[in-house]
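What follows is calculated from the coordinates using simple rules that are stated; it is not laboratory data. Note that this is a predicted model, so its numbers are computed, not measured. Positions of Cβ are backbone-derived with ideal geometry, glycine not excepted, and every protein chain shown enters the neighbour counts.
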Amino acid sequence: MIIHLKKTVSKESAAVLAAENKAFHIVSEGTNVLITGSSMKEVPSGLTNHTENSWIFPNDMQLASRGYKNEKRLVKFGTTQIGGKSNNTLLIGGPCSVESEEQIRSSAELLVKLGLSTLRGGCYKPRTSPYSFQGMGLDGLKLLAKMRTDYGLNVITEARDATHIDEIIEYTDIIQIGAKAMYDQGILRACAKTNKTVLIKRGFGTTLQEFVQAAEFVLSGGNENVVLCERGIRTFETGTRFTLDLCGVAWLQEHTNLPIILDPSHAMGYAYGVPSLSKACVAMGIDGLLIETHPNPKIAKSDASQQLNYTEFEALFNQLKGVAASVGYKMI
Ligand code: PEP
Ligand code: MN
């Protein structure tokens, strides 16, 4: 249940009421908001005199649901914004992993040339094998931060676990929670305490309900800047790396108020499918796309088969502009 307290209730009193009722307390758009479990079916008696408005939900999809906020949330980072009524489709580009200054600088320069704003690059890689390249760690993060300063780009990188979450919060504009890390309570709770934008990827065995519940951890902890990212789920099919769940995207658009970004690179696993899949995604009227690109994909230290080279990335961006325009969106 979500309860909006009356304006006459101070922040301090709201905190006391929250503690008494074992509720979460956030201040949203100037209103003291209490959130209880979804099992609660009526406003507790001690709160009725202080309640302005309340919402009851059938499950633990609350702050993220259309039933609570029937318009898409606007999320801002740097000078960029997505969601709300912006109708922006943000193209996030960059390599799977930051590998060297030369490599990440070349990606930054490509984005600047194309007028794009947001650079990705993994530094703490959640690899399936301990023998694969694990990422440059803090050195990579500092290179990413250097690109942010040198080119005025927003940067995004993923947290593998909670041990380095503070560094990621410090150096990036968007914190990516990876498909394998989206259940990590340490990461989710740390992300709830910052106001930085958090992009949560859907785990490959995660239901839509569980996916949204991960977002609820961040939202109910006080950070309302949450974006969902569909990156493919595991099905019986082995011809492609994963299966991009576009039905799931339609479901999220209908039932949640969070901006949605799609990642066809990880879903497909092969560069040849990324351009056409990207067009299908953009045609759905989405808030962003995450595409891996590398100066020389063949020698990439991770996800080599799915990264576009810069010529392919540029050509795709130019094609996507028309697709976005056809559904009333703008590629940014
Ligand atoms: C990535 O973005 O490089 C990545 C590892 O993604 P995912 O968590 O979706 O596998
Ligand atoms: Mn990758």
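Here are some notes:
- Contour excess over end-to-end distance, with Cα ends at residue 296 and residue 180 and 0.36 nm allotted per residue: 39.1 nm
- Cβ crowding within 10 Å ranks 226, 43, 112, 75 as 112, 43, 75, 226, fewest other Cβ atoms first.
- For the chain, the relative contact order is 17 percent, taking Cα pairs closer than 8 Å that sit 6 or more residues apart in sequence and dividing their mean separation by the residue count.
- Computed lengthening from residue 321 to residue 195, 0.36 nm per intervening residue step minus Cα-Cα distance: 42.3 nm
- At 1.306 mPa s and 10 °C, Stokes D of segment 143-288 from Kirkwood alpha-carbon radius, µm² per second: 101
- Dipole of segment 74-331, positive end: most advanced residue of 255, 116, 217 [Cβ charges, Cα centre]: 116
- Relative contact order (%) - criterion: Cα under 8 Å, at least six apart; region: segment 195-239: 54
- Residues 287, 60, 150, sorted so that the one with the fewest Cβ neighbours within 10 Å comes first: 150, 60, 287
- Centroid-to-centroid, using Cα positions, segment 290-332 and segment 1-78 are 40 Å apart.
- Secondary-structure-derived ellipticity at 222 nm for the chain, considering helices only, amounts to -9500 deg cm²/dmol, per-run term -39500 (n - 2.57) for DSSP H runs with n ≥ 4.
- Each peptide in 23-34, 262-273 receives the mean, over its residues, of other Cβ atoms within 10 Å, and ordering these scores from highest gives 262-273, 23-34.
- Gain on full stretching of the segment that runs from residue 145 to residue 11 - 0.36 nm per residue minus C-alpha separation: 44.7 nm
- In segment 2-55, Cα pairs under 8 Å separated by at least six residues give a relative contact order of 50 percent.
- Label-reachable residues, segment 1-29, where backbone N falls under 12 Å from a point 7 Å from residue 49's Cα toward its Cβ: none
- By the Stokes-Einstein formula, at 1.002 mPa s and 20 °C, the chain with its Kirkwood radius over alpha-carbon pairs has D equal to 105 µm²/s.
- The residue among 34, 157, 294 whose Cα reaches farthest toward the positive pole of the charge dipole of the chain, with charges on the beta-carbon of Lys, Arg, Asp and Glu, is 34.
- Taking only the Cα atoms of segment 49-112, the radius of gyration and Dmax are 19.5, 62 Å.
- A simple charge model with +1 on the Cβ of Lys and Arg, -1 on the Cβ of Asp and Glu and nothing else charged puts the dipole of the chain at about 280 debye relative to its Cα centre.
- Net charge over other residues, Cβ less than 11 angstrom from the Cβ of residue 127 (K, R count +1; D, E count -1): +3
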